[in-house]
Structures are given as C-alpha cells and as structure tokens.
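Here the structure is laid out as structure tokens; the discussion comes afterwards.
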Amino acid sequence: MGLYRTDAIVLGHRNIGEADRVMTLFSPEKGKISAVARGVRRLNNRLLGGTQLFTFSNFLIMENRNLDSISQCEIKESFHKIRANLERMAYGLYFAEMLRASTPEEDKNHALFNFFLKTLYFLQEWDDLELLSRIYEIKLMAIQGYSPEISRCASCGKKLTEKMRFSSRLGGAICFRCFKDDASAVDISCETVKVLQGFIKKPYRELINLDLQEEIKKQLKNACQPFIFHHLDRRLKTLEFIDDINSLKA
C-alpha cells in the first residue's frame, strides 16, 4: 500500500454510509478507478469541490486492500457550465455512462482520456447537443476499436452502391445484395455515410458548425445508437433523462 497522484475526471459516484461517496474516476495513467471520498457529503468538506461530477482534478490517493481512499484533490477545471444547465448535464451524464460501460477497470488509455476531456470542453459551448452526441458516440467507438465499416459492405466486402443499409449486428453499412443478411438493418444514404466518415476523421473544431438536414440526423441516430448498444450489450439509462428533457423542449 502507498500513495499515488493522478489527474482524473469524475465520471460518477454512489453514496455509502452517512457521509461518504465512492467515486468513479477516469485517469490517463490508471484508466477507470474507484476510490472513496470520506465525509464528502458534509458541508465544507475539503474534498467537495474537486469531486463534483465532471470535475477535472488532480488527486492524491491512498492505496488500500479493498478500496482506495482520496486524501487530497485540487481542481484543474470545474466544468460548472455543464452542471448549471439541465440539458448539458443530461448529455454529460450520457457521455459519462457510455464511457463507464465501454471501459474496463484500470485499463489506461491516454487517447481516450484526452478525447473525453475535449468532449467536456465542447459540451460547454456546443449548441446542437444531439449532433454532438452522434459525433461522440461514433468517435468513442472508433477509439475503443469498434469503428463501423463504412468504406465497403460489412457483409460481403464489396464496394457499396447507392442503395445501402446500416447493420449494427454486422458492424456497418451493407449493400443491397446483403439486405437478407440482417432484416433489422436501417436505411442509410451515401450522404449520411460521408458524414459518418467525417465524424471519425475530423476533430471537433471542424464539426462544430456543421449544418445537417433533418433526414440525415434521423439516419445517424437510427444507425449510431443501436450500433453502440450492440457493442455494449445494454441500453443506457441516461437516455431516458435526455428523452424527458427533449419532450419538455418540444
């Protein structure tokens, strides 16, 4: 047992006892880790500010046999604008849940950490949060090694034609000759496939002002979310929160 220091983003927490919380942190050196913040639910606790949801902090953590313990934390970026806006908060929770669900414990990944940190910065300023959600979904899967096959047919490997569909089960776009291989595949156009290619290749800054037709947005959602749920083998609970907020807006 000993002490270690690491930068980390707070992905979530659960309450234990009268005043403690078990924090889920995401670190570039340690990956996803769990550590208890003792007494953090009491007013004026010294750990309170640095352990808020989405906060990027530097942590001093004591190793223990069962569960590590946070000794100190220093805020590097609070991301308070996310917590102050209900809609941004909902999408932040969705992004964090997706990251938690797709990442094993203590599997370090510097590229994934940097990507998620950039996502939080853009979540504070992006206007079309549904579009940001689609970009995040596909980029996250690509970084995790699950990039969809959209350059050729995911079933037969032949060149894609104008008439195609997207199959979550087969891992990408399929040509008309392979429609029979997955009856649940959804319609997708060449334009939407080009947008997906841009999502994977281009940085956030080049995509922030992207203006897409509603039909393309619909196809992206119909393709991306089932693709993610197929790989995660679950539907994420935070989507219900987003649906509720979108219903209120409508």
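The values are calculated or read from the model by the stated rules, or taken from the named source; none is laboratory data. Quantities reported herein were computed from a predicted structural model and do not represent experimental measurements. Cβ: placed from backbone, ideal geometry, glycine included. Neighbour counts: every protein chain shown.
Of all residues in the stretch 149-171, those that are closer than 16 Å to CYS224 by Cβ and basic (Lys, Arg) total 2.
Only strands (runs of 3 or more DSSP E) whose full extent lies in the stretch 124-241 are considered here, and none of them has at least 2 residues that are without any contact (Cβ under 8 Å) to a residue 12 or more places away in the chain and aliphatic (A, V, I, L, M). Taking the stretch 207-218 as the range and being over 19 Å from the mean Cα position of the chain (by Cα) and among the charged types (D, E, K, R) as the test, the residues that pass are ASP211, GLU214, GLU215, LYS218. Scanning the stretch 17-34 for residues that are more than 26 Å from LEU123 (Cα to Cα) and part of a strand (DSSP E or B) yields one hit, ASP20.
Remark: ALA101 matches the filter, which requires a residue to be within 25 Å of PHE241 (Cα to Cα), at pLDDT below 95 and part of a helix (DSSP H, G or I).
Determine whether the stretch 224-237 contains at least one residue that is among the polar types (S, T, N, Q), in the same structural domain as LYS163 (by TED's automatic domain parsing) and at pLDDT 95 or above. Scanning the stretch 224-237, I find no residue that is among the polar types (S, T, N, Q), in the same structural domain as LYS163 (by TED's automatic domain parsing) and at pLDDT 95 or above, so the answer is no. As for the stretch 62-75, it holds no residue that is in contact with an Asp or Glu (Cβ under 8 Å, 6 or more places away or on another chain), at pLDDT 95 or above, within 30 Å of MET141 (Cβ to Cβ) and not assigned by TED's automatic domain parsing to the domain that holds ILE228.
Here's a check for you: in the stretch 70-88, which residue that is among the β-branched types (Val, Ile, Thr) and assigned to a strand (DSSP E or B) is nearest to the chain's Cα centre (by Cα)? Once the filter is applied, the top-ranked residue is ILE75. Looking at this structure, is LEU53 within 21 Å of GLN124 (Cα to Cα), surrounded by 15 or more Cβ atoms within 10 Å (Cβ to Cβ) and either touching a Phe, Trp or Tyr at 6+ places or on another chain (Cβ under 8 Å) or outside the structural domain of ILE135 (by TED's automatic domain parsing) (or both)? Answer is yes for this residue.
Screening VAL40, VAL10 for residues that are in contact with a Leu (Cβ under 8 Å, 6 or more places away or on another chain), surrounded by 15 or more Cβ atoms within 10 Å (Cβ to Cβ) and assigned to a loop (DSSP other than H, G, I, E, B) leaves exactly one candidate, VAL40. Within the stretch 51-67, can one find any residue that is closer than 23 Å to ASP20 by Cα, without any contact (Cβ under 8 Å) to a residue 24 or more places away in the chain and not aliphatic (A, V, I, L, M)? Scanning the stretch 51-67 turns up at least one residue that is closer than 23 Å to ASP20 by Cα, without any contact (Cβ under 8 Å) to a residue 24 or more places away in the chain and not aliphatic (A, V, I, L, M). When the residues of the stretch 184-201 are filtered to those that are among the hydrophobic types (A, V, I, L, M, F, W, C) and over 15 Å from GLY171 (Cβ atoms), the one that is farthest from the chain's Cα centre (by Cα) is CYS190.
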